[in-house]
Amino acid sequence: MTPLPDRLELELVDMAFRGEAVGRFDGRVIFAAYGIPGERVEVELYKRRSRFARGRVVAVHSPAPERVPAPCPYFGDCGGCQWQHIDYPKQLEFKQKVVADQLRRIGHFEDPPVQPVIGMVDPWHYRNHARFSVGYDGRLGFMKLESHHFLGIDYCRIMQEPINDVLRRLQGRVPKLHQVVVRCSLRTGQILVEPRHPAIPWDEAWRDDYLEEELLGHRFRISPPSFFQVNTKPERRDLGWLIKPGWGYPAVGDYSIADILGLLVIKYVDPAGTETVVDAYSGVGTLGVILADKVRRVIGIEESRSAVRDSRYNSQGIPNFEMVEAKTEAVLPTLDIPVDAVILDPPRVGCAPEVMTALLKLSPPKVIYVSCDPATLARDLRILVDGGYRLVEVQPLDMFPQTYHVESVSFLVR
C-alpha cells in the first residue's frame, strides 16, 4: 500500500461517531476533523495506520452549504468543541444519524426508532461546569486538541456567563495550581469554585462546599465530586407535546435540556401512582426525586459516596425514596420484589455485564436507558432486545451543542 503523504485532497462523504468527517484515499478511510460531508478539502494528517488515518481540514476547496464561520477564536486549537463550523440545525441532523448508525453497526438494529434530536433554542453559553487547566504563568485555559500543550483562553462561548466572569477575575492570578473547577447555577445564582486556595483571590459570594441546582421544581445539592448534567440553561419552550396535565408542570415555561430529560423519563414510566421504580446509577437522586411523588416507591442505587450523601440530603422528607450505597451490579441481583420500571443512567462505558444479566432476570415491564455514548448504548440495547425486550423509541437530546457528543433516552418494554 502506498505511503500516505503529509497532506492530501479528498471528497468527504460521511460523518463519523467522533465528529470527524469521513473520506477515502487509496483504499483507506480518512477521518478529517473540521470537515463536513459533501466538501472537497485538503487534509493534513497527524495519525497513520494500515487501514485508516486521522487528520484535520486545513483548506476547503468546495464548502458545504451548512458551513458557517466559527465564532470562537480558539476553535480548531481548543479540544472542547468540534462542530462550531456547522450550522446548528445540521448539527442536530448529524447527531440523529450518528446515534442511528451506531445502533445499526454495533447493535445490529435494522431500522432503529431514533427520533429527531431535541435541540436548544440558543445553543451557546449552556455549560454549568468548567475544569480549567492552569498554565505556568497562572493563566487559565484548556489543553490543545490531540496534545498536552496548554492553551490560555479569555472567554468560552459554551460556558454559562457566571463561569466566564470567574475566568476573567482569576485570569493570570492563580499560579502553582494544576486545575481550577467552576460550577454555577443560573436558577439559584450560586457559584462553586475549587480548590479554595490562598493563591485564589476569593469572592465571599463563591462556595467551595456544594452547589444547589433546580430541576423541574426540585432543588438538588451537588458536592464537588458529584456528577450532575452540564446543560441546565433554562429556555422558553412549549412542551405541550410532552407534558401531561396531571404531572403538575406548565405546558409553556422555562425548561432546560436537563429538565426535558427528566420529563422524558416521566413519560416513559407513565406513572399511575402504584409503581415501584429502580433508579440505577442514580447520582444525587435527580430522577428518583422527580418521580417520587408520582409513583409508590423509588429505590436508588449509587456507588459514589459523595453522590449518596447528596441524594440522601436531596430526598429528605420523601418517605418513598430509598437510597442504597453500592454498585448496581451488586444490588440488582438481590432484588426479590416486583419492579415496574428500571432506569439506567450509567457512565460512558455503559452497564457492566452483571447488570445486564441481573436486569434480564428481574424482568421489569419497562426499562428506560439514559446514555451519553451511542456505542455502549447500542451494545447494551442489543443485549436487552435479545433477552426479550422491544426497543420502542430512542430520543436524542442535544445536551452538548457545538460538540459531537449526544445524550439520549431509550425506552424498552418487555
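Identify all residues within the range 21-30 that are of a type outside the set (A, V, I, L, M) and crowded, with 22+ Cβ neighbours inside 10 Å; write none if there are none. Lay out the reasoning, then the answer.
Within the range 21-30, the first condition is being of a type outside the set (A, V, I, L, M), and the residues that meet it are 23-28.
Result: GLY23, single match.
Spot the failing condition for VAL193; the list is (1) among the hydrophobic types (A, V, I, L, M, F, W, C); (2) closer than 23 Å to VAL367 by Cβ; (3) open to solvent by less than 10 Å² (accessible area, probe 1.4 Å), and only one is missed.
(2)
Find the residue count for the range 142-177, including only residues that are at positive phi and of a type in the set (Gly, Ala, Ser).
Kept after step one, since they are at positive phi, are these residues of the range 142-177: 146, 172, 176.
Still in the list and also of a type in the set (Gly, Ala, Ser): 172.
Adding up the residues that qualify gives 1.
Would you pick out the residues in the range 333-364 that are more than 25 Å from the chain's Cα centre (by Cα), under 26 Å from LYS267 (Cβ atoms) and assigned to a helix (DSSP H, G or I)?
Residues of the range 333-364 that are more than 25 Å from the chain's Cα centre (by Cα), as a first pass: 333-340, 357-358, 360-364.
Adding the requirement that they be under 26 Å from LYS267 (Cβ atoms) leaves 335, 337-340, 358, 360, 362-364.
Scanning the range 333-364 gives ALA358, LEU360, LEU362.
In the range 237-253, is there at least one residue being among the aromatic types (Phe, Trp, Tyr) and either open to solvent by less than 20 Å² (accessible area, probe 1.4 Å) or under 30 Å from LYS327 (Cβ atoms) (or both)?
Within the range 237-253, the subset among the aromatic types (Phe, Trp, Tyr) is 241, 247, 249.
Going one step further and asking which of them are either open to solvent by less than 20 Å² (accessible area, probe 1.4 Å) or under 30 Å from LYS327 (Cβ atoms) (or both), we end up with none.
Among the residues of the range 237-253, not one is among the aromatic types (Phe, Trp, Tyr) and either open to solvent by less than 20 Å² (accessible area, probe 1.4 Å) or under 30 Å from LYS327 (Cβ atoms) (or both), which makes the answer no.
So for the range 327-339 (the condition being over 17 Å from PRO113 (Cα atoms), of a type in the set (Asp, Glu), open to solvent by 60 Å² or more (accessible area, probe 1.4 Å) and without any contact (Cβ under 8 Å) to a residue 12 or more places away in the chain), does at least one residue qualify? First the steps, then the outcome.
The initial filter retains those residues of the range 327-339 that are over 17 Å from PRO113 (Cα atoms), namely 327-339.
With of a type in the set (Asp, Glu) added as a condition, the list becomes 329, 336.
Those still in the list that are open to solvent by 60 Å² or more (accessible area, probe 1.4 Å) too: 336.
Filter once more, keeping what is without any contact (Cβ under 8 Å) to a residue 12 or more places away in the chain: 336.
Yes.
Just wondering, is there one or more residues in the range 146-166 that are more than 23 Å from the chain's Cα centre (by Cα), open to solvent by 50 Å² or more (accessible area, probe 1.4 Å) and among the basic types (Lys, Arg)?
Scanning the range 146-166 turns up no residue that is more than 23 Å from the chain's Cα centre (by Cα), open to solvent by 50 Å² or more (accessible area, probe 1.4 Å) and among the basic types (Lys, Arg).
Within the range 200-222, track down each residue that is assigned to a loop (DSSP other than H, G, I, E, B), touching a residue at least 60 places away in the same chain (Cβ under 8 Å) and surrounded by fewer than 18 Cβ atoms within 10 Å (Cβ to Cβ).
First pass over the range 200-222, keeping only residues assigned to a loop (DSSP other than H, G, I, E, B): 200-206, 208-210, 216-217.
Narrowing the set further to residues that are touching a residue at least 60 places away in the same chain (Cβ under 8 Å) leaves 210, 216.
Of everything in the range 200-222, nothing turns out to be assigned to a loop (DSSP other than H, G, I, E, B), touching a residue at least 60 places away in the same chain (Cβ under 8 Å) and surrounded by fewer than 18 Cβ atoms within 10 Å (Cβ to Cβ).
Take PHE17 and decide whether it is modelled with pLDDT under 95, part of a loop (DSSP other than H, G, I, E, B) and touching a helix residue (DSSP H, G or I) at 6+ places or on another chain (Cβ under 8 Å). Let's see the steps before the verdict.
Working: modelled with pLDDT under 95: yes; part of a loop (DSSP other than H, G, I, E, B): yes; touching a helix residue (DSSP H, G or I) at 6+ places or on another chain (Cβ under 8 Å): yes.
Yes: the conditions hold for PHE17.
Just to verify a result, which residue in the range 293-321, among those that are surrounded by fewer than 23 Cβ atoms within 10 Å (Cβ to Cβ), among the aliphatic types (A, V, I, L, M) and touching a residue at least 24 places away in the same chain (Cβ under 8 Å), is nearest to GLU407 (Cα to Cα)?
ILE299
What are the residue pairs meeting all of these: first residue in the range 238-251, first residue at positive phi and in contact (Cβ under 8 Å) with a residue 12 or more places away in the chain, second residue in a loop (DSSP other than H, G, I, E, B) and open to solvent by less than 80 Å² (accessible area, probe 1.4 Å), Cβ atoms under 7 Å, and 6 or more apart or on different chains?
Final answer for the pair search is none.
The values are calculated or read from the model by the stated rules, or taken from the named source; none is laboratory data. The model shown is predicted, which means the values in this text are computed figures rather than measured ones. Cβ coordinates were reconstructed from backbone atoms using ideal geometry, including for glycine residues, and neighbour counts include every protein chain displayed. Ligands, DNA and RNA are stripped out before the accessible areas are found, and what is left, the full protein with its side chains, is counted by its heavy atoms. Shrake-Rupley method; radii C 1.70, N 1.55, O 1.52, S 1.80 Å.
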